[in-house]
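Asker: What follows is a single structure, and I will ask about it in a moment.
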Amino acid sequence: MNEPKSRRFFMGAAAAASAMQVMGANDKVNMAIVGLGGRGSSHLGTYLRLPEAQVVGLCDVNQAAREKAQAAVSRAGIEKAREYEDMRETFADPKVEAVSIATPNHWHALAAIWAMKAGKDVYGEKPACYNIHEGLKLIEVSRATKRMMQVGSQHRSNPFKIKAMEAVQGGLIGKVYASKGLCYKRRASIGKKADSPTPPGVNWDLFLGPAPMRPFNELRFRYNWHWFWDTGNGDIGNQGVHELGLARWAMGDPGYPKSAFSWGGKYAYDDDQETPNTQTAAFDFGGREITFEVRGLLTGGEGSAPPPRRGAMAAAGTPTSTAPTNGTPISVMTGNLIYGTEGWAAMSDQGFQAFKGEGNELVMDLKPERGTGGDPTAQHMQNFLSVVKSRNYKDLHDGVENSVISANMCHLANISYRVGRKLTLAEGPKFVGDAEANAMLTRPKYRKGFEV
């Protein structure tokens with residue numbers, strides 16, 4: 001970063017920190033949205049509907065994205081928002097009280113760190129961090145600055161999932177010994193494309209930020225950045241981090257596992273994607289486990305098979321009925337399976353069902369709320385905004401300290417996958433006797449001005 005901009009940032013940060021001392025006197029929290037692509041547009045639309053928020057800033061490296069977002073602000077009938085190309089200018093603006101970050105993964109931690117150091121509270125998209133080192137720094141800065149940070153694991157604010165998890169932890173299916181996350185999300189091949197000139201209105205240098213400088217390539221821009229190691233973490237760190245977080249929640253949000261092992265590959269496609277489209281991970285917590293699967297190709301769901309014929313069951317010498325006595329078990333494509341000493345449960349966005357005993361008796365059947373009360377993202381953002389005012393970080397539904405562990409579980413799996421072996425963890429978290437794996441706790445090198 002050049003020196004004048006650096007001076008402006010830190011001078012602005014001091015002003016912003018001063019302004020934050022009186023924040024809360026007004027009914028609305030002044031929000032800026034950083035990153036206005038697909039997910040960022042969703043952030044904007046939600047904050048525009050929430051009475052607790054006032055959108056005052058729009059930041060993106062793409063001029064077209066800023067213009068589209070500004071049009072949405074205009075349609076909402078509110079005052080024009082200030083626009084920024086560089087997020088550092090957003091953080092230096094004393095009018096901005098909190099920011100909502102929806103950048104690509106490789107920016108998540110650094111953007112939040114800069115924002116908190118400038119006195120802003122942060123709602124940041126998942127995963128909380130791009131790598132393990134960045135997650136630990138994120139927690140460190142959050143503690144030092146006393147800023148509130150909520151990560152966009154909106155499932156934690158979903159009423160039926162909250163009720164389900166309370167029941168599971170209350171012993172609904174006995175003691176949970178295994179929790180499984182599923183990410184069977186169909187992903188088409190991205191194909192191959194040559195490098196090309198940077199489109200007009202796009203600041204490619206700022207888009208890359210902490211990542212290595214590369215020529216512009218359309219496949220590394222917009223959504224497909226998820227599938228390149230420089231900027232993304234594959235689907236386990238995309239959709240998968242939601243389900244890994246839920247798998248941890250079902251087990252009472254444990255800390256780091258004793259070991260991690262992941263395997264798989266990029267199957268079927270011949271394209272430019274670097275991350276696996278088929279991946280399995282296993283985490284040993286000592287007496288219980290979490291497993292996770294990514295399948296981007298054609299596949300079926302999991303849950304319970306159709307009940308077998310009674311004659312066949314009797315001939316095999318097994319119980320004559322494994323079908324639930326009430327209801328039909330859901331088939332999970334993206335969600336969770338939870339196994340306890342007295343039964344099992346299945347959860348997805350379509351609902352939660354728990355079964356108990358040898359006869360698979362249905363003991364709980366929950367469905368999501370519909371209408372305005374059924375938007376978990378809005379509820380998660382409302383939770384964040386309420387804590388911005390109360391300053392009680394314990395009220396956050398998924399604060400940074402817990403959400404970093406969920407993100408780092410994805411990173412543990414990816415490191416194991418990339419080095420090709422099981423990893424044993426020590427405190428830190430670091431790996432026991434594995435210099436190659438420990439080197440992957442962070443980037444080989446950060447670009448100057450974008451270090452974490």
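Asker: Which one of PHE431, LEU362, ALA260 has its Cα pushed farthest toward the positive end of the charge dipole of the chain, where Lys and Arg give +1 and Asp and Glu give -1 at the Cβ?
Answerer: Looking along the dipole axis, the top candidate is PHE431.
Asker: Against the longest principal axis of the chain, how steep is helix 159-169, in degrees 0 to 90 to the nearest 10, with axes from Cα atoms?
Answerer: Roughly 50 degrees between the two axes.
Asker: Using only Cα atoms and rounding to the nearest 10 degrees, what angle (0 to 90) does helix 63-75 make with the longest principal axis of the chain?
Answerer: Between helix and principal axis, roughly 80 degrees.
Asker: Oh, and also: Packing-wise, with mean Cβ within 10 Å as the measure, how do 412-418, 261-267, 289-295, 74-80 rank, highest first?
Answerer: Packing order, densest peptide first, comes out as 412-418, 289-295, 261-267, 74-80.
Asker: Before rounding to the nearest 500, sum -39500 (n - 2.57) across all DSSP H runs of length at least 4 in the chain and divide by the residue total; then give [θ] at 222 nm in deg cm²/dmol.
Answerer: -10000 deg cm²/dmol
Asker: Oh, and also: Please list, short to long, the whole-number percent of alpha-carbon pairs of segment 140-253 in consecutive 10 angstrom bins beginning at zero.
Answerer: With a bin width of 10 Å, the distribution comes to 11, 28, 27, 22, 10, 2.
Asker: Let me ask something else. Round to the nearest 10 and give me the degree value, 0 to 90, for the angle of helix 38-49's Cα axis relative to the longest principal axis of the chain.
Answerer: Orientation of helix 38-49: about 80 degrees from the principal axis.
Asker: Determine how many Å³ per residue the convex hull of the Cα atoms of segment 389-436 encloses.
Answerer: Output value, Cα hull per residue: 95 Å³.
Asker: For segment 77-155, what is one quarter of the convex hull surface built on the Cα atoms, given in nm²?
Answerer: 6.0 nm²
Asker: Could you give the length gained by full extension between LEU50 and TYR267, i.e. 0.36 nm per residue of separation minus their alpha carbon distance, to one decimal place?
Answerer: Contour length minus Cα-Cα distance gives 73.8 nm.
Asker: Next question, about the same structure. How big is the Rg/Rh ratio for segment 337-452, C-alpha atoms only, Rh by Kirkwood, two decimals?
Answerer: Rounded to two decimals, Rg/Rh equals 1.10.
Asker: What are the ³J(HN,Hα) values, in whole Hz, obtained from phi via the Karplus relation 6.51 cos²θ - 1.76 cosθ + 1.60 with θ = phi - 60°, for each residue of segment 117-131 in sequence order, with x given for Gly and Pro?
Answerer: 5, 8, x, 9, 7, 10, 9, x, 5, 7, x, 4, 8, 7, 8
Asker: While we're looking at this one, here's another question. Quick one: dipole size for segment 167-236, taken about the Cα centre, charges +1 on Lys/Arg Cβ and -1 on Asp/Glu Cβ, in debye to the nearest 20.
Answerer: 400 debye
Asker: If you wrap a convex hull around the Cα atoms of the chain, how much volume per residue is inside, in Å³?
Answerer: Convex hull volume per residue, Cα atoms: 154 Å³.
Asker: Please report, in debye to the nearest 20, how large the charge dipole of the chain is about its Cα centre when each Lys and Arg carries +1 at its beta carbon and each Asp and Glu carries -1 there.
Answerer: The calculated dipole for the chain is roughly 260 debye.
Asker: Give the distance, in whole Å, between the Cα centre of segment 382-432 and the Cα centre of segment 173-218.
Answerer: The distance from the Cα centre of segment 382-432 to that of segment 173-218 comes to 20 Å.
Asker: Give the distance, in whole Å, between the Cα centre of segment 274-293 and the Cα centre of segment 142-168.
Answerer: So the separation of the two Cα centres works out to 22 Å.
Asker: Read phi for every residue in segment 137-153 and hand back ³J(HN,Hα) as whole Hz from Karplus 6.51 cos²θ - 1.76 cosθ + 1.60, θ = phi - 60°, with x for Gly and Pro.
Answerer: The phi angles translate into 5, 4, 5, 4, 5, 4, 5, 5, 8, 6, 8, 7, 9, 10, 9, x, 8 Hz.
Each reported figure results from applying straightforward, stated rules to the coordinates on display, with no laboratory input. Nothing here was measured: the structure is a model prediction, and the numbers come from that model. Neighbour counts run over all protein chains shown; Cβ positions are idealised from the backbone, glycine included.
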